[in-house]
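Trainee: Dropping the structure in here first, questions after.
A short reminder: the numbers here are calculations on the coordinates, not readings from a lab. Keep in mind it's a predicted model, so treat the numbers as computed, not measured. FYI the Cβ positions are ideal-geometry reconstructions off the backbone, even for glycines, and counts take in every protein chain you see.
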């Protein structure tokens, strides 16, 4: 596999913007920028807590479209999944279950939790990463994906 169109500048800018968004959400709203918790609050809203969650999720979705529209994501359109829709849906459901069981997702633990020095987030992030490494190894070398 070769990485196509890797741009360190865009990656650095994206990481800085994610960090800025997480810091601003914590500073201005007192909330952790864990995407699973934010999205869950859109699906199961708490009174008076829906507006900022909807805006945050819209910003995530529209940001990707804006990036592509501006031409910064040139070459991304050719990416196609290597598995069928049923496996993609199953994978999405498993991620949702994992975020529920792990009391958070990679953004909540990996970005915000690690920045706060949370030991629980360190264990969770190491678990996410180890699971990802094992999954890629199994799919690419044992299953033959």
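Trainee: Scan the stretch 39-74 for residues that are in contact (Cβ under 8 Å) with a residue 12 or more places away in the chain, surrounded by 12 or more Cβ atoms within 10 Å (Cβ to Cβ) and assigned to a loop (DSSP other than H, G, I, E, B) and report the count.
Mentor: 1
Trainee: State which residue is farthest from residue 96 (Cα to Cα) when the search covers only the stretch 22-38 and only residues that are free of Cβ contacts under 8 Å to residues at least 24 places away in the same chain and crowded, with 17+ Cβ neighbours inside 10 Å.
Mentor: 31
Trainee: Here is a follow-up. Could you tell me which of the residues 121, 107 is over 14 Å from the mean Cα position of the chain (by Cα) and in contact (Cβ under 8 Å) with a residue 12 or more places away in the chain?
Mentor: Sole residue among the options that is over 14 Å from the mean Cα position of the chain (by Cα) and in contact (Cβ under 8 Å) with a residue 12 or more places away in the chain: 121.
Trainee: Hey, another quick one. So, residue 69, is that one more than 18 Å from the chain's Cα centre (by Cα) and under 27 Å from residue 6 (Cα atoms) or not?
Mentor: Spelling it out, residue 69 is indeed more than 18 Å from the chain's Cα centre (by Cα) and under 27 Å from residue 6 (Cα atoms).
Trainee: Shifting gears a bit: Given the options 91, 104, name the one that is within 21 Å of residue 37 (Cα to Cα) and assigned to a helix (DSSP H, G or I).
Mentor: Every option except 91 fails the conditions.
Trainee: May I ask you to verify whether residue 142 is surrounded by fewer than 19 Cβ atoms within 10 Å (Cβ to Cβ) and within 25 Å of residue 24 (Cα to Cα)?
Mentor: Here the answer is no, as residue 142 does not meet what is asked.
Trainee: Sticking with this one: Conditions: (1) more than 18 Å from residue 118 (Cα to Cα); (2) exposed (fewer than 14 other Cβ atoms within 10 Å of the Cβ). Residue 14 meets all but one. Number of the miss?
Mentor: It is condition (2) that residue 14 fails.
Trainee: Oh, and also: Going by what's in this entry, would residue 16 be described as more than 25 Å from residue 101 (Cα to Cα) and in contact (Cβ under 8 Å) with a residue 40 or more places away in the chain?
Mentor: no
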